[in-house]
1. Within the range A:324-360, can you find the residues that are of a type in the set (Ser, Thr, Tyr), closer than 14 Å to A:GLU605 by Cα and not in a loop (DSSP other than H, G, I, E, B)?
2. Quick one: B:GLN373 ticks every box in (1) open to solvent by 10 Å² or more (accessible area, probe 1.4 Å); (2) within 25 Å of B:ILE213 (Cβ to Cβ); (3) away from chain A (no Cβ under 14 Å) bar one, so which box is it?
3. Only one residue in A:GLY493, A:GLY489 is modelled with pLDDT under 95, open to solvent by 60 Å² or more (accessible area, probe 1.4 Å) and farther than 20 Å from A:TYR567 by Cα. Which one?
4. Just to be sure, is A:ASP228 within 18 Å of A:GLY345 (Cβ to Cβ) and more than 14 Å from every other protein chain (Cβ to nearest Cβ)?
5. Restricting the search to the range B:211-234, which residues are open to solvent by 50 Å² or more (accessible area, probe 1.4 Å) and in contact with a Cys (Cβ under 6 Å, 6 or more places away or on another chain)?
6. Taking the stated definitions as given, is A:SER367 part of a helix (DSSP H, G or I), more than 10 Å from chain B (Cβ to nearest Cβ) and among the small types (Gly, Ala, Ser)?
7. Scan the range A:159-178 and tell me whether some residue there is closer than 22 Å to A:GLY45 by Cα and in a strand (DSSP E or B).
8. From the list A:ASP167, A:ASP161, A:ASP208, which one is more than 14 Å from chain B (Cβ to nearest Cβ) and under 30 Å from B:VAL613 (Cβ atoms)?
There are 2 protein chains.
Amino acid sequence: MSGDQKHQVVFLPSGKRGYFDSGTPLLEAGRSLGVDIDSVCGGRGICGRCQVDIVEGQFDKFGIKSAASALTPISENEKRFDQRRGLKPGRRLSCHTRILEDVVIDVPSTSQVHRQVIVKTADDRKIEMDPAIRLHYVSVEEPDMHNPTGDFERLSAALKDQWGLGDLECDLRTLQKLQKCLREGDWKVTVAIHRELRITEIWPGFHDKAYGIAVDVGSTTIALHLCDLSAGAVVASAGMMNPQIRYGEDLMSRVSYVMMNPGGDEALTQTVRQGINELLADVCDQADVNPDTILNGVMVGNPIMHHLLLGIDPTELGGAPFALSTNSGLTLWASEIDLNSNPDGRVYFLPCIAGHVGADTTAVILSEAPHLQEKITLIVDVGTNAELVLGNRDKLLAASSPTGPAFEGAQIACGQRATAGAIERVRIDPVTKIARFKVIGSDLWSDEEGFEEETRLSGVTGICGSGIIEALAEMYLAGILTEDGIIDGRHAGTCSLIEPVDRTFAYVLVPNQQNPIRIYQTDVRAIQLAKAALYAGAKLLMDRLGVTEVDRVLLTGAFGSHIDTRYAMILGMIPDCDLEEVKAVGNAAGNGARIALLNQTARDEAEQLVRRVEKVETAVEPAFQQYFVDAMALPHKRDPFPHLRKVMALPEPAPKASDDPAGGRRRRRNRRSQSLTG
Amino acid sequence: MSGDQKHQVVFLPSGKRGYFDSGTPLLEAGRSLGVDIDSVCGGRGICGRCQVDIVEGQFDKFGIKSAASALTPISENEKRFDQRRGLKPGRRLSCHTRILEDVVIDVPSTSQVHRQVIVKTADDRKIEMDPAIRLHYVSVEEPDMHNPTGDFERLSAALKDQWGLGDLECDLRTLQKLQKCLREGDWKVTVAIHRELRITEIWPGFHDKAYGIAVDVGSTTIALHLCDLSAGAVVASAGMMNPQIRYGEDLMSRVSYVMMNPGGDEALTQTVRQGINELLADVCDQADVNPDTILNGVMVGNPIMHHLLLGIDPTELGGAPFALSTNSGLTLWASEIDLNSNPDGRVYFLPCIAGHVGADTTAVILSEAPHLQEKITLIVDVGTNAELVLGNRDKLLAASSPTGPAFEGAQIACGQRATAGAIERVRIDPVTKIARFKVIGSDLWSDEEGFEEETRLSGVTGICGSGIIEALAEMYLAGILTEDGIIDGRHAGTCSLIEPVDRTFAYVLVPNQQNPIRIYQTDVRAIQLAKAALYAGAKLLMDRLGVTEVDRVLLTGAFGSHIDTRYAMILGMIPDCDLEEVKAVGNAAGNGARIALLNQTARDEAEQLVRRVEKVETAVEPAFQQYFVDAMALPHKRDPFPHLRKVMALPEPAPKASDDPAGGRRRRRNRRSQSLTG
């Protein structure tokens, strides 16, 4: 010991340093310097959140001879903690370790309140942990007959004293439990506090489990992630078909159901809430988590899902002017939407952007953060309605485009949902026109050994959304499909795979089975209409932003994440772009919900953002119709797609001079067959 | 018309004046001067709240020749309003009346937002109308596809624009109705706003009905008043026995029930909530009011009732240190306490003061406002626990004193609740010792003609709380009862109304019926114990405040309002005071609840007050025991009661020199019999 002398302490990784008296606890020293060290128990040696490493290698430069002498020996409290929960060698509880000499301390990321969590996005976003719910262990004064304040008021005073949290309110259910918890915990309790404003739960003694859920309510699927609110990790996930499907496959048919059936909105609301509760039970089961410890949730969905989940009749969203009930973020009690979590858990709904652009898009923006980048990013969430976001840090635009359900395998003769047996990958030999393919449930190509064995159970039953994209693109590359989307009957004579059907032709993708899988001319048309709508929407946004090219394209949503981006571009679903910069980013809406769950300021950020986003209503834009017509061709009637052509042997584009469709089509077809045969 | 010239307008009663252009609407002129003129419809000529009188008598001094020329003629709007709802002659709607020349206007109190309402208290308090709920009629912009804000956001913008209300939040149930209401009302709606913060209800078009309830939940009775939130008037009242009585007559037996029966607190909570809902249905029926228009409520009760109504287990209030769950005011959703009003109505619970001094006492303070007075006021709420407040504007003290149920007629042989047939007034002839009396249900004295006729149905069945007070005081004045509370057996020989019972005596109050009504020695003792507890509590507070005398005494509660204050003082229930200044003030707790209902700032005032009130816990004060013993005598062993003696021929008090109780009692008894016979 060095008496009254002050000792220098350096905290890594921040590098913050200061001089402290002998005997100062490390936690106290760190906090006084503003070092980010976690603690739920407030320095009582219970929670273990304040663990630090002693950086021995650095001692020499401070002239310290031995690490042991720099700090007080392992305390009884630390020994107990080690026995109970384990303490890595070299680790100390900073609350029970006192400074004796100069020392260098490392605060591992797991001990930082605001530690960073990586969320898997196109650029792997780093999220600072800052959940809306925090737990605080607190020691409360016992009541005194001579100073008869209420138990709640003494709890409040303790939270102010020990945690600096003033003016707290309290949920009634917590108030109802308060007195028992205080006495059961011998005047020590843990409380959950929402946004530093309101106590939403209480436990006797020390408690350190708090969970949250991030829920993406799609019209087709619902995905739910259970997150640990201190570590930030996803501890369990579950997904299901949206059970509302029984009321209509797509959004508009569900809105029609509501319009036609009095009380139909309530049925749809109950159905989706029930579905979420099933997922909630599932993740709780998987992770062995008590639903009462789920204290927070974030919900995202398109406007109709958003409204139905809230119990708001979506009729207004079924027709112009597509008025949202609200485009603000909402915080509700879990019980208000019948969620089987802690009834006093708070559920946050990210704001919708417009009548067709929902909270799911807001979540996608949060996840992919185009507003933080210099590059112009186009984000495409493909679904029955494609939601589009375009822009960069200067400006963001959003729109939706009515693609219809073709991308999801509907309206396609052999189309099916993406389940086992569905074709998802296709390659066509340009000479023989024979297709190889892969089906969901097997990693083998259809011409590889063992394929039949592996697919015996499922069979090859149809073609899913991503499969139809590849099939059409490969048909185009193999010369089976013309630039105008005509299945070319000239091969019918030489190739048995091209069959005449009425006055058109069909291509037989899988010939040798009881139910051969064919691509009909009507299938091609359906996909053309869908992709043209998507492209036209993107084009309209590019116009509005004043750009002719985008720097990046991100595909998201269930479909977007399965699609081969190359084929999407060959078909002309998305504008031309360096193929390296076209990425499928998975469930970006779910990621965004998780970000808003783990970081409360992201919610405020989202609310600011939606106000800044410029909405473009495709339906009323005069240019949309022309853009749509132009985008029917593969990849496009006018746009040159230079990036795509650089890497793919695409047929030359048709000349732009002629506006006579028939003549143009004829000329192009001629040129095309030349390039295929030449 | 006088062209561009400005005209002077004077608004009475405020006297505010200003100069205005020709054509300025009176409402606009008044508001610009800060004149308090009401409006729900925002100047659209619908609500009729902005009516004003034209003060014709004042015209001359402004040189105006005719009232007709000073203002625009009666408008079409006013004519329609007159047909629809009636407009008194000379009255104008200030929103549709424009200034043409100098004019004097009177704003009648019914047209003032902050009009004053008189609440019947000891001093008839004037309350400024300022309810927590206000209605606002508003015209909302229609949605526009090019600027896709939500309906709620456009409603918010309109409320900011038209009413200056910014940053409003909204209840989910309102959000669920919002879109239908806007369209049904052709983009005009009325909203209810709670504390200028949150929209809690919405109606299509114009709506001007908003009600509130003030509820006083006593352990014996529950009283509910339905108030019009714009006029401030009580439109219906209802009361009932507290149905919890089946679980125990007094508070402590109900707490015992909870302690002995798991889940007993829930049963008690349900029971009291059900009782309130019955009263609510009753008042709605009486006043033909839709429960959905009840948008606000204020609840008061003693701590145990307060906790049970909130669903908080009252066990902690059953024993030292009598810790309250909370001593703050609480605002809840009506649905949180199962109230059958509008489910989004807000219910405010006034704060409790201490474990024995409840929100009812807070309400009593609000009603009687001792904290606004120079005079030292003692407020006594008599019940199983007497709650006491003492002080003035400098300081307020509160305590409770365990009087037991004797004042309510319990523990008294012939005692009964205050219902038909119960004796409530008593006079005893000092010579014959014969009593005259009145019973509840008749205005006649028992010796008046027709009494038997009038009471034939009810009979004379017992004696209620106020009756027993008068009986004992009269017995004392008639020499039947000694200063020490002994029924004097020396009269037994000469008077048949004094009967020996074991080794004591009884006085026969009503001799000539099948079940004669007697006052036994044990009855006297029970009342002595109760009144001594009450007096000792008051004395302790006076000690603590440093006063030997109080300026005023107010008796409140069901019992307090029926009692003859003179007899209360003769018995020594309350400290000596100028009899003119002793008043029974009825249900002051209910009044206080109504004040908090009509004036939201009174709630804040109450929350400030309870923090200032100094709590005195009688049970742990060493002096209490001695004060209690001293207060057993009639009116008191030591205190001289000079005010009382000035107006009543009371026997001289015993000398204070001797502290030998036996000797003292003997001497006093001797002196007393002298004064009675002399």
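1. A:TYR348
2. (2)
3. None of the other options fit; the residue is A:GLY493.
4. Here the answer is yes, as A:ASP228 does meet what is asked.
5. Matches in the range B:211-234: B:VAL234 only.
6. Yes; evaluated as a whole, the condition is true for this residue.
7. no
8. A:ASP161
The values are calculated or read from the model by the stated rules, or taken from the named source; none is laboratory data. Predicted model only: the values in this text are computed from it and were never measured. Note that we place each Cβ from the backbone using ideal geometry, even for glycine, and neighbour counts take in every protein chain shown. All accessible areas refer to the heavy atoms of the entire protein, side chains included, with ligands and DNA or RNA removed. Shrake-Rupley method; radii C 1.70, N 1.55, O 1.52, S 1.80 Å.
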